[in-house]
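The values are calculated or read from the model by the stated rules, or taken from the named source; none is laboratory data. Source: prediction; values computed, not measured. Cβ atoms come from the backbone with ideal geometry, glycine included; neighbour counts cover every protein chain shown. Accessible surface areas use protein heavy atoms only, side chains included; no ligands, DNA or RNA. Shrake-Rupley method; radii C 1.70, N 1.55, O 1.52, S 1.80 Å.
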Amino acid sequence: MDSKSQISGKLSEISPNGRVSSGISGLDKMLNGGFPQGHIVVAMGDPGTGKTTLALQYIHDGLDKGESCIYISIEEEKESLISTAASYGWELQEYIENNKLKFLKLDLSDIKTLARRIRVELPELIESSGASRIAIDSISLFNIMFDNSIESRIRLVDLNKTVKKSGVTALYTSETSMKNSFHSRDGIIEYSADGILFLQQSEIGSDIRLVIRIIKMRRTLHDRLYRPYDITENAITVYPTEMVFQDEGTGV
């Protein structure tokens, strides 16, 4: 595929308002139509809040629309992710066989190889596949591989430059800090990303509810309130018109 065909293909997959669907209609409504094309968005949350599910849902939505996509895993094996997707009714194997979905598993044991794959292989993979969407699960594990915060920042900047230059719309997942659940584990990614989705398990009255908030999304108006969501057999459903109420001082 030549570069001109790749560019026209990517443009044809973008909605008229320049938005890329998250794969969740309720979240798209909160985003005023979806992620702005070319953004790097981070889904940040505690374990059990559905970050990987959200990443898979985002990628499957693109595949379902005829787009080519890339899923980069830094922890789970491809077979495990395919199985997780299948539990929601998303059969990814056919997209892999048709070269519409590329999986890239990064090895945490070899930092030099990892850096080379990000610098060299990722741009080549994006170009050769004509991908318009990419998911990286999780960026927290990528960041903690390096010896110090300075090197971690340099590698993250390099990764973001590669993603931005390619023109894809990216969704990263990130764990929250144990010291402050409103920040990422390393405290870096939220400052370099275009958008932050905050996913949380919250005690509301006598119930435990999942709530989502758009912390930031550059260059677009968006909902700033906490909204409830569920993870069901049909994956994530966000309720963009429901309010979250609870007693003062109990979390949300």
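Summary of values
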{"item": "Condition broken by SER181, with the remaining ones in (1) modelled with pLDDT of 85 or more; (2) within 23 Å of SER149 (Cα to Cα) satisfied", "result": "(1)"}
{"item": "Residue under evaluation LEU63, criteria (1) at pLDDT 95 or above; (2) in contact with a Pro (Cβ under 7 Å, 6 or more places away or on another chain), criterion not met", "result": "(2)"}
{"item": "Unmet criterion (only one of (1) open to solvent by 30 Å² or more (accessible area, probe 1.4 Å); (2) modelled with pLDDT under 95; (3) of a type in the set (Ser, Thr, Tyr); (4) farther than 28 Å from THR241 by Cβ) for SER80", "result": "(2)"}
{"item": "Test for LEU101: is it modelled with pLDDT of 90 or more, more than 30 Å from SER202 (Cβ to Cβ) and either of a type in the set (Val, Ile, Thr) or open to solvent by less than 50 Å² (accessible area, probe 1.4 Å) (or both)", "result": "yes"}
{"item": "Candidates ILE189, ILE144, ILE212 - the one that is at pLDDT below 95, touching a helix residue (DSSP H, G or I) at 6+ places or on another chain (Cβ under 8 Å) and buried (at least 21 other Cβ atoms within 10 Å of the Cβ)", "result": "ILE189"}
{"item": "From TYR95, TYR71, TYR88, residue being free of Cβ contacts under 8 Å to residues at least 40 places away in the same chain, open to solvent by less than 50 Å² (accessible area, probe 1.4 Å), more than 23 Å from ARG213 (Cα to Cα) and not aliphatic (A, V, I, L, M)", "result": "TYR95"}
{"item": "So LEU156, is it at pLDDT below 95, closer than 26 Å to CYS69 by Cβ and either of a type in the set (D, E, K, R) or open to solvent by less than 60 Å² (accessible area, probe 1.4 Å) (or both)", "result": "yes"}
